[in-house]
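The values are calculated or read from the model by the stated rules, or taken from the named source; none is laboratory data. The shown structure was predicted, so the numbers you read here are calculated from the model rather than taken from an experiment. In this analysis, Cβ positions are derived from the backbone assuming ideal geometry, glycine residues included, and neighbour counts consider all displayed protein chains. Note: areas computed on protein heavy atoms with side chains; ligands, DNA, RNA excluded. Shrake-Rupley method; radii C 1.70, N 1.55, O 1.52, S 1.80 Å.
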Amino acid sequence: MNKSDKCDKKRTFFSEIEARKERGWAESEHKKKFNIYYCDKCNGWHLASIK
Ligand SMILES: [Zn+2]
């Protein structure tokens with residue numbers, strides 16, 4: 001229905017630098033590796049955990 005619906009459930013960063021900083025925190029907190037990727041639906045950056 002809403003094209004940005006999926007993005008609403010994710011944290012969105014408005015610059016790659018911001019996303020990189022957050023990845024550092026997320027990796028130490030969750031003890032997982034995360035990918036940063038650019039999303040053209042919301043023109044932002046998201047983190048995705050690597051399994
Ligand atoms: Zn998005």
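Here's the yes/no breakdown for (1) surrounded by 11 or more Cβ atoms within 10 Å (Cβ to Cβ); (2) within 16 Å of the ligand (Cβ to nearest atom); (3) under 12 Å from the mean Cα position of the chain (by Cα):
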position: Cys7; (1), (2), (3): yes, yes, yes
position: Ala26; (1), (2), (3): yes, no, yes
position: Lys31; (1), (2), (3): no, no, no
position: Phe34; (1), (2), (3): yes, yes, yes
position: Asp40; (1), (2), (3): no, yes, no
position: Trp45; (1), (2), (3): yes, yes, yes
position: Ser49; (1), (2), (3): yes, yes, yes
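Any residue in region 11-22 that is among the acidic types (Asp, Glu), open to solvent by 90 Å² or more (accessible area, probe 1.4 Å) and outside any strand (DSSP E or B)?
Checked region 11-22: no residue is among the acidic types (Asp, Glu), open to solvent by 90 Å² or more (accessible area, probe 1.4 Å) and outside any strand (DSSP E or B).
Select, from Lys3, Lys21, Lys41, Lys33, the only residue that is at pLDDT 90 or above and out of contact with any strand residue (DSSP E or B) (no Cβ under 9 Å at 6 or more places or on another chain).
Lys41
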